[in-house]
Amino acid sequence: MKFILKISLLFFIFFNFNHSFAQETMTFIPVKDNTIFDENAGNSNGQGKLFAGQVCQDFLRRALMQFDLSSIPSNVLITEVTLTLSVENGGASADQDFSIYGVTTDWGEGFSVGQGRGGPAVAPDATWTDAMFGTSLWNTPGGDYDGTLLTSVFISEEFQPITFPSTANLIDQAQAWIDNPDSNFGIILIGNEFDDCSAYRFGSKDFGEPPLLTVSYESDCIDETTNETYVGCE
């Protein structure tokens, strides 16, 4: 019995000292982003900046973002995910929590552009009622998303970057996008939707500093198909 235990222990030590993992980090900007406006279902902001929260006229804004993670190998384990937004100006009562959720319906970005009220939607823009303007509707106005909170942060400063922390739920969401790319419909940013003047403006991929999704992961050093060592493992 002792001999078997010794053999098992030696195998465990040998495997762990000879089976290494590559640690990598990649940062992505959105492949598409947009803002939707609840007071005007025909408006969007596909080529403008991002807005979220409630403006002083009681109207709501929500921001959509999607990141293409296809350059990450499929056989990885996601270990950390953060989202950094460039915070611009906010309303008089804009010190608020902002939350991120996973979107469950495909949506569009067209050539609409505007300020805080958006501009006329141009297909395939997302709007408050349309996932893709003129083509498909949201199941629920305001966007279809999973109610599981991925991450949140309290924003109280203007004109500086703010980072949403990595959480187990955000890691699980990114892992699901890697394991099943067809499920990647991005995220929705939702601010305080109960208090006037709580909205913020953020940079987008088209104007200002873009959102940045930073993903860290580890992968097996040896490609089981080619028996080659991955870059970074040497």
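The values are calculated or read from the model by the stated rules, or taken from the named source; none is laboratory data. Quantities reported herein were computed from a predicted structural model and do not represent experimental measurements. Note: ideal-geometry Cβ built from the backbone for every residue, glycine included; neighbour counts use all protein chains shown. All accessible areas refer to the heavy atoms of the entire protein, side chains included, with ligands and DNA or RNA removed. Shrake-Rupley method; radii C 1.70, N 1.55, O 1.52, S 1.80 Å.
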Go through region 116-234 and tell me which strands (runs of 3 or more DSSP E), entirely inside it, have 2 or more residues that are under 20 Å from Phe51 (Cα atoms), under 15 Å from the mean Cα position of the chain (by Cα) and at pLDDT 95 or above. 151-155, 160-164, 187-190, 212-220
If we ask which residues in region 34-45 are open to solvent by less than 10 Å² (accessible area, probe 1.4 Å) and either at positive phi or touching a Leu at 6+ places or on another chain (Cβ under 6 Å) (or both), their number turns out to be 2
Would you check if there is a residue in region 121-135 being open to solvent by 70 Å² or more (accessible area, probe 1.4 Å) and free of Cβ contacts under 8 Å to residues at least 40 places away in the same chain? yes
For region 96-108, state whether one or more residues are among the hydroxyl-bearing types (Ser, Thr, Tyr), open to solvent by 60 Å² or more (accessible area, probe 1.4 Å) and at pLDDT 95 or above. yes
Residues in region 63-77: is at least one more than 26 Å from Ala176 (Cα to Cα), among the hydrophobic types (A, V, I, L, M, F, W, C) and open to solvent by 20 Å² or more (accessible area, probe 1.4 Å)? no
